[in-house]
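Colleague: After the structure tokens below, expect a handful of questions from me.
Since every read-out is calculated from the coordinates, none of them should be taken as a lab result. What you see is a predicted model; the values in this text were computed from it and never measured. Quick reminder, even Gly has a Cβ in these numbers, built from the backbone with ideal geometry, and neighbours come from all protein chains shown.
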Protein chains: 2
Amino acid sequence: MKRMEELLSRFNPDTGTIDGAPTVTRRLSDLRNCFADERAYEAALQQGNPIIYTVASVEPAAGDGQLHYCIGMIMPGRVGDEYYLTKGHLHEWRPAAEFYIGLRGKGMMLLEDINSGESRMLDLVANSAVYVPGFTAHRTVNVGAVPLVYLGVYPAAAGHDYRTIAEKNFRKVIVMRNDRPVLMEREEFVRGLGLI
Amino acid sequence: MKRMEELLSRFNPDTGTIDGAPTVTRRLSDLRNCFADERAYEAALQQGNPIIYTVASVEPAAGDGQLHYCIGMIMPGRVGDEYYLTKGHLHEWRPAAEFYIGLRGKGMMLLEDINSGESRMLDLVANSAVYVPGFTAHRTVNVGAVPLVYLGVYPAAAGHDYRTIAEKNFRKVIVMRNDRPVLMEREEFVRGLGLI
């Protein structure tokens, strides 16, 4: 059996880190084509290149039946009316699901069924779990005023497909309207900006 | 895609429940043959039949790649020198792993590799995750003074095999020695009691 240090990990909901685990950092410049409002994106980049989110992962074992987990932290903020967000991904192994568990802050998950095209916007807050079924693209956004921190648990065999999202993006966007997050058709949102 | 109510669940680390999810309750009388000290077990049963632990589960979907999760709550207490514990189980689908995430209280997990026979005793406390690899029997004990509450996330296809544990039990026990939990050979512990 693995050593104790490989079986036990400690995570920190304040820093969004896992002791000893590598952390990936995504800055604004890494998120080109993720925000629908390209004008606001370019303007924001002129102002600086802040960290938008970090992800630290623990991958104890590979193979069918095994699991991985990660801790994600998304900073509070917006680009235009769009909340800071993750790139979003599908699993390479399409049937693979994922559980998200909220630890701190106020977030939303955007889910899009790749077969039916249906979307869902779901709260991600402390003491809640969001189930991302297989065959479902998912993105997380921070709609609050403090960092959003959450865990994700997924099959070791899932794999991450960012390419499909990068090419097609999501059909819907989560944007601020009257100080609240609402789910809108991406095209409608972009049309409203006068960008198409 | 499933309805929002089926994708989002709220759990309560104080009550060890998940809104709308069925809860299984295990009382002392349900745990016959789980404690090594049979004399202390029978004596405790004469005093009453308290709840030892509860488990509530969410099973959004079946099939390969899907996941389930549960919240467990173990009461504080002991039978003789053995801390209150769960029955423990193997997964029917032996390669299936599980992540345990501590929410509240002070617990320990007992892991036993069914191939090598090796055992591990690991802390289960808030802000920590214990990885239970495939092919590993696992039991949780409460070594603290308040209820121990934790989440478990596992493949939907895992299944629970309680029978194998009920027949063979674990090779080791977690018992109190000088007010601290220690891992001992079950046989040595029982011999020390004069029961064999």
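Colleague: May I ask you to derive the FRET efficiency for B:M4 and B:L193 from their Cβ-Cβ distance with R0 = 41 Å, giving the value to the nearest 0.05?
Modeller: Working: r = 54 Å, r/R0 = 1.31.
In this case the efficiency is close to 0.15.
Colleague: Just in region A:93-196: which chymotrypsin sites (Phe, Trp or Tyr not before Pro) are loop by DSSP and have at most 14 other Cβ atoms within 10 Å?
Modeller: A:Y162
Colleague: Also: Between A:A43 and A:T23, what is the FRET efficiency for a Förster distance of 35 Å, r being their Cβ-Cβ separation, to the nearest 0.05? Let's see the in-between values first.
Modeller: Numbers: r = 28 Å, r/R0 = 0.81.
That pair, A:A43 with A:T23, gives E of 0.80.
Colleague: Tell me which residues come under 5 Å, amide H to amide H, from B:S128 once H is placed; ignore anything under 5 positions away on its chain.
Modeller: For B:S128, whose amide H was placed from the backbone, the distant partners under 5 Å are A:F11, B:G102.
Colleague: Taking region B:1-75, which trypsin sites (Lys or Arg not before Pro) meet the DSSP loop condition and have no more than 11 other C-beta atoms within 10 Å?
Modeller: Working: sites: B:K2, B:R3, B:R10, B:R26, B:R27, B:R32, B:R39; in loops: B:K2, B:R3, B:R32.
When the trypsin sites (Lys or Arg not before Pro) of region B:1-75 are filtered for loop state and at most 11 Cβ neighbours within 10 Å, B:R3 remain.
Colleague: Quick one: which residues, 5+ away or cross-chain, put their amide H under 5 Å from the amide H of B:A96? H built at 1.01 Å from N.
Modeller: Residues meeting the criterion, in which the H sits 1.01 Å from N, are B:F135.
Colleague: What translational D, rounded to a whole number of µm²/s, comes out for region A:1-141 from Stokes-Einstein when the hydrodynamic radius is the Kirkwood one over Cα pairs, at 25 °C and 0.890 mPa s?
Modeller: On the way: Rh = 16.5 Å.
Using the Kirkwood radius from Cα pairs, D works out to 148 µm²/s.
Colleague: Here's something else I'd like to know. What ³J(HN,Hα) values, in whole Hz, does the Karplus curve 6.51 cos²θ - 1.76 cosθ + 1.60 give for region A:107-118 when θ = phi - 60°, with x put for Gly and Pro?
Modeller: Each residue's phi maps through the Karplus curve to give x, 9, 10, 9, 10, 9, 6, 6, 8, 8, x, 5 Hz.
Colleague: Taking chain A as the reference, fit the longest principal axis to its C-alpha atoms, fit the long axis of helix A:38-47 to the helix C-alpha atoms, and give the angle between the two in degrees, 0 to 90, nearest 10.
Modeller: It works out to around 70 degrees.
Colleague: Same structure again: Principal axis extents for the protein assembly as shown, Cα atoms only, whole Å, descending order, please.
Modeller: Over the protein assembly as shown, Cα extents along the principal axes are 84, 37, 34 Å.
Colleague: List the lysines whose Cα sits under 26 Å from the Cα of A:K2, skipping any in the same chain fewer than 8 residues away.
Modeller: Counting by Cα, and skipping residues close in sequence, A:K2 has these lysines nearby: B:K87, B:K106, B:K168, B:K172.
Colleague: Amide H of A:R27 versus every other amide H placed in the peptide plane: which residues, excluding those fewer than 5 positions away on the same chain, fall under 5 Å?
Modeller: Those lying under 5 Å, H to H, from A:R27 are A:I52.
Colleague: Work the Kirkwood hydrodynamic radius out for region B:59-196: mean of 1/r over every pair of different alpha-carbon atoms, inverted, in Å. Write out the running numbers ahead of the final one.
Modeller: Values: mean 1/r = 0.0649 Å⁻¹.
About 15.4 Å for region B:59-196.
Colleague: Moving on. In whole Å, what is the distance between the alpha-carbon centres of region B:1-49 and region B:101-175?
Modeller: 14
Colleague: Related question: Through the Karplus equation 6.51 cos²θ - 1.76 cosθ + 1.60, θ set to phi - 60°, convert the phi angles of region B:119-132 into ³J(HN,Hα) values in whole Hz; use x for Gly and Pro.
Modeller: My calculation for region B:119-132 gives 10, 9, 10, 10, 4, 10, 9, 4, 6, 9, 10, 10, 9, 9 Hz in order.
Colleague: Tabulate in residue order the Karplus-calculated ³J(HN,Hα) for region B:19-28, using 6.51 cos²θ - 1.76 cosθ + 1.60 with θ = phi - 60°, rounded to whole Hz; enter x for Gly and Pro.
Modeller: Couplings: 3, x, 9, x, 10, 9, 10, 10, 9, 3 Hz.
Colleague: Once the other residues with Cβ under 13 Å from the Cβ of A:R186 are scored (Lys, Arg +1; Asp, Glu -1), what is the net sum?
Modeller: On the way: positive: A:R139, A:K168, A:R171, A:K172, A:R191; negative: A:D37, A:E38, A:D81, A:E82, A:E112, A:E185, A:E187, A:E188.
That works out to -3.
Colleague: Another question, if that's okay. State which stretch of chain A is the longest one without any exposed GluC sites (Glu not before Pro), exposure meaning a DSSP loop state and at most 15 other Cβ atoms within 10 Å.
Modeller: Of all site-free stretches, the longest is A:1-91.
Colleague: Let me ask another. Quick one: compute a quarter of the convex hull surface over the Cα atoms of region B:122-196 and quote it in nm². It would help to have the intermediate numbers written out before the result.
Modeller: Details: hull surface 26.7 nm².
Approximately 6.7 nm², given one-decimal rounding.
Colleague: How far apart, in nm, are two points set 7 Å out from the Cα along the Cα-to-Cβ line at A:D113 and at B:R186?
Modeller: Going from the A:D113 label point to the B:R186 one covers 4.6 nm.
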